[in-house]
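Asker: Take this structure first; my questions come after.
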Amino acid sequence: MSALAAGLGSGSLYAVIGVLLVLMATLTRVVNFSQVAVGVYAAFLSIRVAPLLLPMHLPKEVVTVISVIVALLVGAIVSAALGWIIATWLPEATGTARSAVTVAGMLFLISVSLLQFGPLSQALIPLVIGPLVSFGTVTITKIAAYLFVLAVVIVLVAKLVLTKTPIGVQLRAIADRQTAAELLGVNVKLLQVGVWASTGALMTLAILLGGNNLAPQATVSMDLIIPGAAAALFGAFKRMDFALYGGLALGAVQGLVTMWPEISLIRDWIPIISIVIFLLWNQRKEVWDVAR
């Protein structure tokens, strides 16, 4: 149980990434590979805010709040800018072409992060620290609990908005028939850019919450897109609830693997193995049909 609890924090972060990837794929027809890079860049940029506020002699809590607000704004703006580029110049492009642009965005942010932050270790400002509850040898940290709640809230709120509000109806109309939605007077670009900005801010918040569990280098932390994509694959980039379960399952398996030092080295390979297994399983019908 202690190993499973240890994997809850990383699993919840994977779940948040996976849920946001599914949400983007559903509403904008884009697999947003730059999503984690945007959040990590904004979070690490917030480290630069605290020294600028030192001459003002503000309380530590106020500095933290300002840094978080700056990070959320940067994440939303950078993500919205990328969404605006795609919505403006690639409105009718295939999902593959639109997703390729996000790969370019991810590589750009990796390069900028390396130039701006350098290869040295830099710790993010911890928003929450310490255990939340303990049961014998099992300890659930505040980071794990908050990230889990964030993932669940995103799933519930997204489903509520998409099914019960006029904006949700418009977003689903854009996802199904973008041209028809435009002819009916829906402001497609504004809504799509809004989705990009919202997911960018949420991704930044998740990175800030999970700061203590991340690698101290921005470029390394951006690799979280791999387990996040593995979680999204559990939902076939269509089901947010399955992406949530997939992220938690990946974290649990990684936690269990650490119990055996002999195989603990494969911990970071588990998401990649999961992706390969899913793709092979997904293509089994085509392969068998060809064989027959």
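The values are calculated or read from the model by the stated rules, or taken from the named source; none is laboratory data. Worth saying up front: this structure is predicted, and the values here are computed from it rather than measured. Cβ placement follows ideal geometry from the backbone for every residue including glycine, while neighbour counts extend to all protein chains displayed. Note: areas computed on protein heavy atoms with side chains; ligands, DNA, RNA excluded. Shrake-Rupley method; radii C 1.70, N 1.55, O 1.52, S 1.80 Å.
Asker: Please build a GNM for the chain, connecting alpha carbons under 10 Å apart, and tell me which residue among VAL155, VAL40, VAL49 fluctuates the most.
Answerer: Taking springs between Cα atoms under 10 Å, the residue moving most is VAL49.
Asker: With every protein chain in place, what's the accessible area of THR96 (1.4 Å probe, Å², nearest 10)?
Answerer: Near enough 110 Å² of accessible area.
Asker: Further question on the same structure: Given the whole protein assembly as supplied and a 1.4 Å probe, what does the accessible area of LYS164 come to in Å², nearest 10?
Answerer: We get 150 Å² for LYS164.
Asker: For the stretch 2-52, taking Cα atoms only, what is the radius of gyration to one decimal and the Dmax to the nearest whole Å?
Answerer: In order Rg, Dmax, the Cα atoms of the stretch 2-52 give 14.6, 41 Å.
Asker: Separation between the LYS164 and LYS60 pseudo-spin-labels, each 7 Å from Cα along Cα→Cβ, expressed in nm?
Answerer: 4.0
Asker: Within the chain, how many Lys pairs sit with Cα atoms under 30 Å apart, leaving out pairs fewer than 8 places apart on the same chain?
Answerer: So the count works out to 9.
Asker: Okay, helix-only estimate at 222 nm for the chain: each DSSP H run of n ≥ 4 adds -39500 (n - 2.57), divide by all residues, round to 500 deg cm²/dmol; what do you get?
Answerer: Per the formula, -23000 deg cm²/dmol.
Asker: With a 1.4 Å probe and every protein chain left in place, work out the accessible area per residue of the stretch 125-243 in Å², rounded to a whole number.
Answerer: 49
Asker: List the DSSP H helices in the chain whose Cα atoms stretch 24 Å or more along the helix axis and whose mean Kyte-Doolittle hydropathy is at least 1.6.
Answerer: Long hydrophobic helices here: 8-28, 60-89, 142-164, 188-209.
Asker: Evaluate the charge dipole of the chain about its Cα centre and quote only its size in Debye, nearest 20, assuming +1 on the Cβ of each Lys and Arg and -1 on the Cβ of each Asp and Glu.
Answerer: On the way: 16 positive and 10 negative charges, 88 e Å.
Charge dipole, the chain, about its Cα centre: 420 debye, nearest 20.
Asker: Given the options ILE129, PHE44, ALA15, identify the residue whose Cα lies farthest towards the positive end of the charge dipole of the chain (+1 on Cβ of Lys, Arg; -1 on Cβ of Asp, Glu).
Answerer: Highest projection toward the positive end goes to ALA15.
Asker: Given the options TRP84, GLY185, MET106, identify the residue whose Cα lies farthest towards the positive end of the charge dipole of the chain (+1 on Cβ of Lys, Arg; -1 on Cβ of Asp, Glu).
Answerer: Going by the charge dipole, the pick is GLY185.
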